[in-house]
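A quick write-up on the structure given underneath.
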Amino acid sequence: MNLRMIKAPTLVAVIVVLTLFSDNARAGKVIHTFGGRDGCGPWGDLIADAAGNLYGTTLNGGGNPGQGVIFQLTPPVPPNTDWTENIVHRFAGKLDGAAPSGQLVVDGNGNLYGTTQAGGAFGLGTAWELAPQPGGGWTGTVLYSFFGVNGAQPVGGLVMDAGGNLYGTTLGGGANGGFGTVFELSPPPQPGLPWTETVLHSFTGGYDGNAPVGGVISDQTGNLYGTTQVGGAFNGGAVFQLSPPVAGGAWTLTVLHSFKAKPGVSAAPRASLTITAAGALIGTTSQGGPGQHGTVFGLRPPPVPGGPWGYQTLHSFQGFPDDGSDPESSLAVVGGRIYGTTMQGGAGAGTIFRLSRDAGPGMSLTETVLHSFSGGVDGSSPRAGMLFLDGSLYGTTSAGGNINCGTVFRLGN
């Protein structure tokens, strides 16, 4: 594995104007409340298939032994009636895995792919496939069981390239003492043969980072981007890029930014990144900022290849009582606006926020809190990001609802 580090970029000043108000023009609705047997604690981002069905994971629940589920929500017919939930798979906590927490990926045939952070042949997590059957139901296949040196506890989601290869991260394991990995899973040359895992990078726990929680994303040229919760030059976490080999050889890891840590507190980025249409990276840190309530940040690509990326703090959260705190979600960009969630703050149980560019002098960013969760029937502690579908935003809360097992909600007109 080749490793290089670029000099940390000079911070670009940005003026952030905060305008906090309740946006009553957007109607929020809980479309599903988890009851335990159908899942408990939805964690990863929702995805949608071509028919508009929603899919997601719950960390727990699903009946005995309660090791988590993959669920499907089918849109209502006619509109404005109830959504229908189907359990695609209940994990048994054995060879099939336990505790799915990352975002799923769906291919052109409707097959679902994901990970569990526990279970499998060695108890350290799995990667799996679920294929829909013509007569109904789904057939599950464990593609790979992690065993430590090749990674352990794949917490984040997966991404798939045009060749059907899957990429992801593991929180622990690897060849350097258990600081985590970035891996590739390649499909077999013919059905029925085993998939092949390749460790693209084993983190050292130093300036290349430690504990990549949020998975990776890819750009059009095959580069992978992700974050580590700790490590980096200042032990506050890092943003990294993994570039594929040009002519054979190893992938190259570049540290694009190292977050600074205060005594006892790191910036701790825990979510996957998002690539904007201009090629910039945006993400969240769960801590950091003036009040240590977390931030939204951006990284602009260098004007000259190989140069430093330009870092900006786009928003620093203020916490209670108006703003959010502890963002652990990925971000969605819709019409030039940025949407996300915070685990805490607002009315006390987290928020949905929007960042939009101000039309005034300086073109600053304005934050709007679209919803503050009460911790009751509307949910609590949203960890996942937002999915934009058919003019509405969809997301989950990891707790709250009728029996504190979480909800799925829609925010739209």
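Extents of the chain, taken as max minus min of Cα coordinates on every principal axis and listed largest first, are 60, 55, 36 Å. In terms of packing, defined here as the mean over residues of other Cβ atoms within 10 angstrom, the peptides 393-401, 241-249, 309-317, 49-57 line up highest first as 393-401, 309-317, 49-57, 241-249.
Taking other C-beta atoms within 10 angstrom as a stand-in for reagent exposure, R383, R90, R357 fall in the order R357, R90, R383, fewest first.
Taking other C-beta atoms within 10 angstrom as a stand-in for reagent exposure, D82, D38 fall in the order D82, D38, fewest first.
For region 324-413, treating each Cα as an identical point scatterer without solvent, what Debye log10 I(q)/I(0) comes out at q = 0.18, 0.20 1/Å? The Debye formula, applied to the Cα set alone, gives -0.72, -0.87. Each principal axis of the Cα cloud of region 212-293 was evaluated for its coordinate range; sorted largest first, these ranges are 45, 27, 18 Å.
Charges were assigned to the Cβ only: +1 to each Lys and Arg, -1 to each Asp and Glu. The resulting dipole of region 286-378 about its Cα centre is roughly 360 debye. Pair-distance distribution P(r) for region 98-166, from all Cα-Cα distances in 5 Å bins starting at 0: 4, 18, 26, 24, 16, 9, 2, 1, 0 percent. Label sites at V377 and L95, each approximated as a point 7 angstrom past Cα along Cα to Cβ, lie 4.5 nm apart. The string of couplings for region 44-49 from the Karplus curve (6.51, -1.76, 1.60, θ = phi - 60°) is x, 4, 6, 10, 10, 9 Hz, one whole number per residue in order, with x for Gly and Pro. Largest first, the extents of the alpha carbon coordinates of region 52-92 on the three principal axes equal 36, 15, 12 Å.
Comparing N165, Q133, G206 along the charge dipole axis of the chain, the residue lying farthest to the positive side is G206, per the Cβ-charge model. Annotation: extensible slack from F147 through Q220 equals 23.2 nm (criterion: 0.36 nm per residue apart, minus Cα-Cα distance). Computed over the Cα atoms of region 164-272, the ratio of the radius of gyration to the Kirkwood radius (Rg/Rh) comes to 1.02.
Summing charges over all other residues whose Cβ lies under 13 Å from the Cβ of I217, with Lys and Arg as +1 and Asp and Glu as -1, gives -3. Normalised size of region 183-227, defined as Cα radius of gyration per 2.2 N^0.38 Å with N residues, equals 1.45.
Summing Cβ point charges (Lys, Arg +1; Asp, Glu -1) relative to the Cα centre of the chain gives a dipole of roughly 620 debye. Annotation: the residues S330, S218, sorted from fewest to most other C-beta atoms within 10 Å of their own C-beta, follow the order S218, S330.
Across region 150-195 the C-alpha pair distances fall into 5 Å bins from zero in the proportions 6, 23, 23, 20, 16, 10, 3 percent. Take the Cα pairs of region 369-413, get the Kirkwood Rh, then feed it into Stokes-Einstein at 4 °C and 1.567 mPa s and tell me D in µm²/s. In µm²/s, the coefficient is 123.
Any read-out appearing in this document is the output of simple, stated calculations on the displayed coordinates, not a laboratory observation. Here the structure is a predicted model, which is why all the values come from computation and not from measurement. No Cβ is skipped: glycine too gets one built from the backbone with ideal geometry, and neighbour counts run over all protein chains shown.
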